[in-house]
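Heads up, the thing below is written out as structure tokens.
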Amino acid sequence: AQSVTQLDSHVSVSEGTPVLLRCNYSSSYSPSLFWYVQHPNKGLQLLLKYTSAATLVKGINGFEAEFKKSETSFHLTKPSAHMSDAAEYFCVVSGENQGGKLIFGQGTELSVKP
Amino acid sequence: GAGVSQSPSNKVTEKGKDVELRCDPISGHTALYWYRQSLGQGLEFLIYFQGNSAPDKSGLPSDRFSAERTGGSVSTLTIQRTQQEDSAVYLCASSLIGIGANVLTFGAGSRLTVL
């Protein structure tokens with residue numbers, strides 16, 4: 001069975017400083033991994049996805065994530081936070097033979113201070 | 001359509017009433033998913049359709065919840081005899097086919113409040 005654990009429920013950074021949102025996964029199969037973002041009162045938007053190609057994945061808005069099989073991690077990073085990055089971020093896993101069903105982490109709320 | 005459309009966007013109902021939530025997926029998408037997001041919680045999987053059949057309905061919380069899909073397109077999630085704990089945002093998503101690497105496109109959700 002697949003699962004994801006987001007290690008921080010809330011992260012606060014200052015504008016212009018780096019962002020690190022941590023995620024560990026558990027999967028019996030070769031997983032597909034995603035990060036989704038949810039801005040207040042808006043729908044879920046895909047940031048990036050990993051599907052067994054390059055282990056460093058670049059997404060939208062300057063975000064990237066690195067798949068580390070030895071650490072079963074898929075942390076999300078951004079070199080410099082912007083005020084508009086404030087949102088809820090979800091780490092998500094989808095495995096083989098699951099019909100594309102996504103398993104969501106509990107989410108990390110990112111706050112960005114001016 | 002251009003995106004996944006859900007209706008109603010907001011629904012307030014009284015405890016014990018039945019509600020229907022509708023999802024209109026992206027045209028041509030064969031896979032359709034329902035999720036529930038309660039206040040301050042992550043997304044909880046409810047049910048998945050491939051075409052009109054539901055290979056995985058393991059997330060439905062109780063027999064008060066049911067869903068159907070017709071014509072390989074529109075899906076309806078029905079909650080009978082609603083309870084206050086059913087209050088949540090119900091999200092629908094679709095993808096071209098139901099495989100792990102596919103990206104799901106989510107609708108804006110239907111916010112259900114049970115008084």
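The values are calculated or read from the model by the stated rules, or taken from the named source; none is laboratory data. These numbers come from a predicted model, not from an experiment. Neighbour counts run over all protein chains shown; Cβ positions are idealised from the backbone, glycine included. Surface areas here come from the heavy atoms of the whole protein model, side chains and all, with no ligands, DNA or RNA. Shrake-Rupley method; radii C 1.70, N 1.55, O 1.52, S 1.80 Å.
Brief remarks follow.
- Filtered by the rule that a residue be under 20 Å from A:Gly99 (Cβ atoms) and within 14 Å of another protein chain (Cβ to nearest Cβ), segment B:75-98 gives B:Tyr90, B:Leu91, B:Cys92, B:Ala93, B:Ser94, B:Ser95, B:Leu96, B:Ile97, B:Gly98.
Per-residue answers, yes or no, for (1) surrounded by 17 or more Cβ atoms within 10 Å (Cβ to Cβ); (2) without any contact (Cβ under 8 Å) to a residue 40 or more places away in the chain:
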position: B:Gln6; (1), (2): yes, no
position: B:Asn10; (1), (2): no, no
position: B:Gly16; (1), (2): no, no
position: B:Val19; (1), (2): yes, no
position: B:Ala31; (1), (2): yes, no
position: B:Tyr35; (1), (2): yes, no
position: B:Gly42; (1), (2): yes, yes
position: B:Tyr48; (1), (2): yes, no
position: B:Asn52; (1), (2): no, yes
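Residues are listed down the side, and each one gets a yes or a no for (1) within 14 Å of chain B (Cβ to nearest Cβ); (2) closer than 30 Å to B:Asp56 by Cβ:
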{"position": "A:Leu56", "(1), (2)": "no, no"}
{"position": "A:Lys69", "(1), (2)": "no, yes"}
{"position": "A:Glu88", "(1), (2)": "yes, yes"}
{"position": "A:Gly105", "(1), (2)": "yes, yes"}
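- Selection of segment A:26-39 for residues being part of a strand (DSSP E or B) and open to solvent by 20 Å² or more (accessible area, probe 1.4 Å) yields A:Ser26, A:Gln38.
- Of everything in segment A:62-114 that is out of contact with any Leu (no Cβ under 7 Å at 6 or more places or on another chain), among the β-branched types (Val, Ile, Thr) and outside any loop (DSSP other than H, G, I, E, B), the residue that is nearest to A:Ala1 (Cα to Cα) is A:Ile103.
- Qualifying positions in segment B:55-112 - open to solvent by less than 40 Å² (accessible area, probe 1.4 Å), among the β-branched types (Val, Ile, Thr) and touching a residue at least 60 places away in the same chain (Cβ under 8 Å): B:Thr78, B:Ile79, B:Thr82
- For A:Phe63, the requirement of being open to solvent by less than 70 Å² (accessible area, probe 1.4 Å), within 10 Å of the chain's Cα centre (by Cα) and farther than 29 Å from B:Asp56 by Cβ is met.
- Qualifying position, being of a type in the set (S, T, N, Q) and either within 10 Å of the chain's Cα centre (by Cα) or within 14 Å of chain B (Cβ to nearest Cβ) (or both), among A:Ser84, A:Ser94, A:Ser111, A:Ser80: A:Ser94
- Residue ID - farthest from A:Pro114 (Cα to Cα), chosen from residues in segment A:40-60 that are of a type in the set (A, V, I, L, M, F, W, C) and open to solvent by less than 70 Å² (accessible area, probe 1.4 Å): A:Ala54
- Count of residues meeting criterion [hydroxyl-bearing (Ser, Thr, Tyr) and over 12 Å from A:Leu21 (Cβ atoms)] in segment A:54-110: 6
- Residue within segment A:79-88 that is of a type in the set (Ser, Thr, Tyr) and open to solvent by less than 10 Å² (accessible area, probe 1.4 Å) present: no
- Apart from one condition, A:Ser52 fits all of (1) at the interface with chain B (Cβ under 10 Å from one of its Cβ atoms); (2) at pLDDT 95 or above; the exception is (2).
- Any pair with Cβ under 8 angstrom, 6 or more apart, that starts in segment A:1-22 at a residue that is within 18 Å of A:Phe63 (Cα to Cα) and ends at one that is assigned to a loop (DSSP other than H, G, I, E, B) and polar (S, T, N, Q): A:Gln6/A:Gln106; A:Gly16/A:Ser80; A:Thr17/A:Ser80; A:Pro18/A:Ser80
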